[in-house]
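Working notes, beginning with the structure itself.
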Amino acid sequence: MARRSDKLKLGTFVYTFGYNPAGWLHPGSDVNGANDFSHLHKVAALSEAAAFDFMFLADSPAAAVGDPDGLARMPTKMNRFEPLTLLSALAVMTKHLGLVATASTSYYEPYNLARIFASIDHLSGGRACWNVVTSDHDETGYNFNRRGLDPHALRYERGREFVDVVFGLWDSFEADALLLDRASGIYYDQARHHTLNHAGKHFQVRGPLNIARSPQGRPVIAQAGGSEAGIALAAETAEIVFSLASNIERSRNFYATLKSRMASFDRAPDDLKVMPGVVVNVGRTEADARAKVQFLLDKLHPDAGRVMLQEFLEADLRGVPLDAPFPMDRLPQEAKGSRALFDELVAFVKQGHTVGELIRLFAEKHTGNGITGTPAQVADFMEEWFESRAADGFILMFPTLPSALEDFVELVVPELRRRGLFREAYEGSTLRQNLGLPVPPNRYTKARLA
């Protein structure tokens with residue numbers, strides 16, 4: 001069934017130089033961009049000019065760990081802005097683009113996170129979005145008074161309570177609480193300002209929040225993660241869900257499963273947008289697109305490729321010669337990431353291929369996890385996923401920034417619009433309006449009017 005009453009949602013995934021670890025070596029990237037605001041502002045401006053829904057700043061509150069020789073060739077995780085500071089700057093330099101950033105429930109406190117995101121929502125006029133994560137790398141814990149990563153179940157238990165507290169704090173002021181009455185000298189209606197008094201297993205938070213209700217009611221909530229705990233949390237709280245674009249059938253099942261869970265929380269399926277991450281390599285011809293992939297493959301040093309592969313497999317490959325067969329005893333029993341890609345890599349190494357050959361295969365699949373081709377081929381891919389309800393839109397993981405983003409805007413956006421799949425202009429002034437999401441009711445207003 002056609003979805004012409006709906007439109008694709010698109011967001012720009014932002015690693016400083018692009019999604020590919022060799023992106024900083026590409027002449028279409030800004031080698032000084034990691035600490036240059038003008039580079040990130042250009043990415044935002046390009047995304048906004050194309051009427052994308054948002055830009056998404058992925059983050060981890062730690063430098064990566066591993067092989068020093070490999071990490072020295074991979075600046076993305078070693079030198080980057082703190083994302084909430086960057087969003088605050090971008091908020092006043094943009095007018096329509098949604099602003100999404102990752103912040104971990106494992107290492108913030110609910111009160112300061114609620115206050116920061118409410119402030120960004122006000123500064124931007126209602127365009128803030130919090131990507132809720134519990135963190136999944138040991139190195140983060142060592143920076144926050146922990147010995148590595150807390151157990152998965154504990155992280156989600158804490159995360160669930162954390163979100164409850166933040167939602168409660170964002171409801172501190174009702175929408176009509178500010179009277180601003182100079183004649184009486186009364187600034188706000190104290191009956192419309194509420195103290196949370198949360199006392200839970202992980203948090204004791206009195207409140208209230210000392211900032212008025214934000215333009216969106218509360219910032220949009222994004223989440224990623226396909227575990228059972230992640231799906232349950234997303235069905236109850238998320239409004240954007242990031243997923244993998246490795247297999248259309250698996251994505252359709254994930255889409256249907258997630259949206260079917262929402263009814264038990266009194267939520268409509270359209271109140272959540274499923275947006276798989278997809279790497280796009282587009283050229284005027286297929287040969288042009290493939291040449292862009294090949295350039296990055298040739299530029300990726302084996303040491304950097306080894307770090308990438310180790311992270312995907314969660315296997316220690318240090319000291320293994322590149323020309324030696326892959327050590328099967330170091331291969332995990334189960335996939336930690338994409339099952340389809342994991343199975344392909346296992347089949348490859350069972351044929352006797354070397355570590356160096358596996359690194360190159362992984363780099364190629366990592367770079368091309370999505371679609372490589374002409375504008376029509378990229379649009380065909382997106383249309384099939386959208387129309388068959390494997391996705392409501394996509395997180396576009398451009399291999400290089402800003403050049404691959406410029407290519408997509410020039411070549412693919414006009415084709416999507418010609419097909420009626422993507423907007424010509426923004427529908428509203430807030431991220432919720434552009435995504436077609438409702439404004440959540442304030443719990444105290446709802447109770448008072450019931």
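The values are calculated or read from the model by the stated rules, or taken from the named source; none is laboratory data. If you're wondering where the values come from, they're calculated on a predicted model, not measured in any experiment. Every residue, glycine among them, receives a Cβ derived from its backbone with ideal geometry; neighbour counts consider all protein chains shown.
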Pairs please, first residue from the stretch 172-185 and within 27 Å of Lys446 (Cβ to Cβ), second anywhere and crowded, with 20+ Cβ neighbours inside 10 Å and among the charged types (D, E, K, R), Cβ atoms under 6 Å, 6+ apart in sequence or on different chains. Phe173/Arg213; Ala175/Arg213
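This table checks each residue for (1) closer than 27 Å to Val100 by Cβ; (2) in the same structural domain as Ala50 (by TED's automatic domain parsing); (3) surrounded by 18 or more Cβ atoms within 10 Å (Cβ to Cβ).
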| residue | (1), (2), (3) |
| --- | --- |
| Arg306 | no, no, yes |
| Ala324 | no, no, no |
| Arg330 | no, no, no |
| Phe394 | yes, yes, yes |
When both residues are 6+ apart or on different chains and their Cβ atoms are under 6 Å apart, which pairs have a first residue that lies in the stretch 359-386 and is under 30 Å from Pro327 (Cα atoms) and buried (at least 18 other Cβ atoms within 10 Å of the Cβ), and a second that is at pLDDT 85 or above and of a type in the set (Gly, Ala, Ser)? Ile359/Gly305; Ala363/Gly305
Determine which single condition Val409 fails, assuming it passes every other condition in (1) of a type outside the set (Phe, Trp, Tyr); (2) within 21 Å of the chain's Cα centre (by Cα); (3) modelled with pLDDT of 95 or more; (4) buried (at least 21 other Cβ atoms within 10 Å of the Cβ). (4)
Which of the residues that make up the stretch 46-93 are of a type in the set (Gly, Ala, Ser), surrounded by fewer than 17 Cβ atoms within 10 Å (Cβ to Cβ) and under 21 Å from Glu406 (Cβ atoms)? Ala49
So, Phe422, is that one assigned to a loop (DSSP other than H, G, I, E, B) and at pLDDT 95 or above or not? yes
Cβ pairs under 7 Å, 6+ apart, first in the stretch 273-285 and of a type in the set (S, T, N, Q), second in a strand (DSSP E or B): Asn281/Thr372
Checking the conditions here, which among Gln216, Gln223 is at pLDDT 95 or above, within 20 Å of Gly436 (Cα to Cα) and in contact with a helix residue (DSSP H, G or I) (Cβ under 8 Å, 6 or more places away or on another chain)? Gln216
Given (1) in contact with a helix residue (DSSP H, G or I) (Cβ under 7 Å, 6 or more places away or on another chain); (2) buried (at least 16 other Cβ atoms within 10 Å of the Cβ), number of the condition Ala238 does not satisfy: (1)
